[in-house]
Amino acid sequence: QVQLVESGGGLVQPGGSLRLSCAASGIILSNYNMGWYRQAPGKQRELVARSIGGGSTNYADSVKGRFTISRDNAKNTVYLQMNSLKPEDTAVYYCAAGLKYLRETREVDYWGQGTQVTVSS
């Protein structure tokens, strides 16, 4: 059974940082493309960052220069480092794994349960 378990969400002030973790079981992350999506209330789920193949990464324009996706294959874990957080980053963040390019939600094979990130003073 495949499980992706996110952790690290919480409440942070604007300008602060958080690091999200996604620990996988039942799959070997190095065999998959990995991504982080987010969904704010009343909005569609959107791709935030993805790690493709041997090391290529892509980011939504709204988070470029502030967020970094990384992997630790030995720990079978993917991370999302989020710096300079803004109130508009508030959302539920989901870890995603897939054999395709994760350009959209239908290309995701496995989802985590989500972790809430709230940016507020």
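The values are calculated or read from the model by the stated rules, or taken from the named source; none is laboratory data. This is a predicted model, so every value here is computed, not measured. Using ideal geometry, Cβ is built from the backbone for each residue, glycine included, and neighbour counts are taken over all protein chains shown. Note: areas computed on protein heavy atoms with side chains; ligands, DNA, RNA excluded. Shrake-Rupley method; radii C 1.70, N 1.55, O 1.52, S 1.80 Å.
How large, in percent, is the carbon and sulfur part of the accessible surface of the chain at a probe radius of 1.4 Å? With neighbouring chains kept in place, the figure for the chain is 44 percent. Taken per residue, the accessible surface of the range 10-91 reaches 50 Å², heavy atoms only and a 1.4 Å probe.
Sorting the segments 25-37, 91-103 by their mean number of nearby beta carbons within 10 angstrom, highest to lowest, gives 91-103, 25-37. Over the chain, all Cα pairs binned in 5 Å intervals from 0 give whole-percent P(r) values of 2, 12, 24, 27, 20, 10, 4, 1, listed from short to long.
Heavy-atom accessible area, probed at 1.4 angstrom with all protein chains present, ranks ARG19, ARG45, ARG50 as ARG19, ARG45, ARG50, highest first.
Other residues lying with their Cβ under 11 Å from the Cβ of ASP89 contribute a combined charge of +2, Lys and Arg counting +1, Asp and Glu -1. Using alpha-carbon pairs under 8 Å, 6+ residues apart, how would you state the relative contact order of the chain in percent? Computed value for the chain: 36 percent relative contact order.
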